[in-house]
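Notes for the one structure printed next.
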Amino acid sequence: MMRRRVLATILALPLALAGCTRGAEPPRSATSTLRERVAALALRQSDFGAISIIPVRFEKSRISGPFEDGGRTLYCVSTRMKGRTFGKGERPKAVIRDDGGVLKIVDEEPEVCEGHRTEPFSELESLGNRGNS
């Protein structure tokens with residue numbers, strides 16, 4: 001467990017030096033949809049393999065939202081990620097807040113996703129699986 005943290009810290013250092021922040025939204029494209037922006041932000045998180053030197057692939061990705069929770073507009077993203085753990089799949093999840101068109105990661109409340117209807121999230125798989133074939 002300690003080795004994983006040390007390795008993650010070492011691999012995250014170049015991203016930190018480049019000015020990447022955990023909750024920052026990726027740059028907007030004139031043709032990108034909100035779902036593509038949500039997918040791009042999720043893929044920038046270390047849980048979704050952003051700092052992995054080993055290619056990962058995503059399967060059965062799901063999204064719920066937008067839904068209101070305490071006056072906030074939230075999206076929940078989950079997927080099955082394979083490749084980084086050599087045989088054992090991971091199930092990363094992210095809660096994303098839409099704050100007037102600006103997307104941010106919400107770390108403190110993953111349980112807000114429970115009980116909301118999900119649907120397939122092909123945008124995450126198509127963006128995440130590029131170049132990993």
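Where a number appears in this text, it was derived from the coordinates with a stated rule and is not lab data. Not measured: the values here are computed from a predicted model. Reconstructed Cβ throughout: ideal geometry from the backbone, glycine too, with neighbour counts over all protein chains shown.
Brief remarks follow.
- Using 0.36 nm per residue and subtracting the Cα-Cα separation, the extra length available between residue 107 and residue 34 on full extension is 24.3 nm.
- With both labels modelled 7 Å from their Cα along Cα-to-Cβ, the residue 54 to residue 86 distance reads 0.6 nm.
- Per DSSP, loop trypsin sites (Lys or Arg not before Pro) in the range 63-131 with at most 14 further Cβ within 10 Å: 88, 117, 130
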